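Beneath this line is the structure, given in C-alpha cells, with notes to follow.
The values are calculated or read from the model by the stated rules, or taken from the named source; none is laboratory data. Keep in mind that what you see is a predicted model, and the values were worked out from it rather than measured. Using ideal geometry, Cβ is built from the backbone for each residue, glycine included, and neighbour counts are taken over all protein chains shown.
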Amino acid sequence: MDGRARRFTAWVPRLLMLVALVLGVAAMHTLGHLDHHQGYGAAPGHEGVHAPPAPPPTVAAGIEQEASGLGGALPRLDPTSVCLAVLPSLLLLLMAAVLLRTRHRRNTGVIGARPGARGARSSAAFNDADVAFAQMMIPHHRQAVEMAELAETRAADPEIRELAAKIKAAQDPEIATMTGWLTSWGAPVEPEGGHGGHDMPGMMTGQDMTALEEARGAAFDRMFAERMIAHHEGAVEMAETERAQGSDPEARRLAATVATAQQAEIEQMRRLLDRL
C-alpha cells in the first residue's frame, strides 16, 4: 500500500465517526424542534407554565395551509421512536469506524509492536550474531563501568579521572540499550552456561579487579590504563565481529560507535602511559 492509500485508509474511520456525530447532533436538534412544535413538557391550560409565543399570523397560516394540504394536522412524532430509529445507524457507523481503525493499526504495525530501548522495534531484522553481541557486550561494559568507578576515588592523574568519567557516561546508556534489544528479541540477557563474561576478550579476572581496587595514586593510574587498554581491545574485537556478521541495523550502528570511540580511547591511554 503506497503512502497516499495509507493516508486515505487512516482517515476513513475518522470520517465515519464525524458522520455519526453529525447525525447524532441532527437527531437531537430535530427532537428539540418536535418538542417545541408539539408541546411536549407543557400541559395545556396548566397555570404557571409559560407556553412559547404563537407564530406570526402569516407563518401560522402557512403551517395550517400545509397541514390541510397533507390531509389534516401534522403527524405527532414520538421522540423515543425517533431515537430508536436513529440509534442503530449511529451504532453501526461507530462500530465500522472502530473496526477500520483497528485494522489500519494492525496493518501499519502499531498493534503488537514490542518496545525496546529506543521505542518499537521489528524482531525480523536480528540474527544470532546480534544476540551474541548484546549478551557479551553487556557484562563487558559493566566491568568497564566498575573500573571507571574505582578511578573516582583512587586515581591521582586528572586525565585518568576525566577519561574514567567519560567511559562510564558512554557505556551505562549502551548497557540499557542492549538490554532493551534482548528483551524485545525474547532472548535472555545472560546466555545459558555463561560465566559472568570472564572468558570474553579483554575481560579482567577476579584477581585483576582485586589488585586494581587495592591500588592508589600513580600505581592505580598506570594499572588502570594498562588494564583498560586490554579491555577496550576486546570490545573493539567484538564490535568488529558484529559489524561483519550482525543483521540488526541499530546493533551494527552501535558496534561501529563502540569500535570508533574505544579505539580513540586506546590511543589516548597509550599516550598517557608514556608520561605516567
Which number in (1) touching a Phe, Trp or Tyr at 6+ places or on another chain (Cβ under 9 Å); (2) at pLDDT below 90 marks the one condition that V131 misses? (2)
Mind listing whichever residues of segment 144-155 are farther than 12 Å from M223 by Cβ and in contact with a helix residue (DSSP H, G or I) (Cβ under 6 Å, 6 or more places away or on another chain)? A144, V145, A148
Given the options E192, E233, name the one that is free of Cβ contacts under 8 Å to residues at least 40 places away in the same chain and outside any helix (DSSP H, G or I). E192
Regarding A169, is this residue among the aliphatic types (A, V, I, L, M) and within 26 Å of the chain's Cα centre (by Cα)? yes
Free of Cβ contacts under 8 Å to residues at least 60 places away in the same chain, not in a helix (DSSP H, G or I) and not charged (D, E, K, R) - does that describe any residue in segment 212-230? no
Of the listed residues (T241, T260), the one being modelled with pLDDT of 95 or more, surrounded by fewer than 16 Cβ atoms within 10 Å (Cβ to Cβ), in a helix (DSSP H, G or I) and in the same structural domain as L150 (by TED's automatic domain parsing) is T260
Of the criteria (1) surrounded by 17 or more Cβ atoms within 10 Å (Cβ to Cβ); (2) among the hydrophobic types (A, V, I, L, M, F, W, C); (3) over 31 Å from the mean Cα position of the chain (by Cα), which one A156 fails: (1)
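Okay, residues lined up against (1) basic (K, R); (2) in contact with a helix residue (DSSP H, G or I) (Cβ under 9 Å, 6 or more places away or on another chain); (3) over 22 Å from A151 (Cβ atoms):
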{"position": "D208", "(1), (2), (3)": "no, yes, no"}
{"position": "R216", "(1), (2), (3)": "yes, yes, no"}
{"position": "F220", "(1), (2), (3)": "no, yes, no"}
{"position": "R252", "(1), (2), (3)": "yes, yes, yes"}
{"position": "A261", "(1), (2), (3)": "no, yes, no"}
{"position": "D274", "(1), (2), (3)": "no, no, no"}
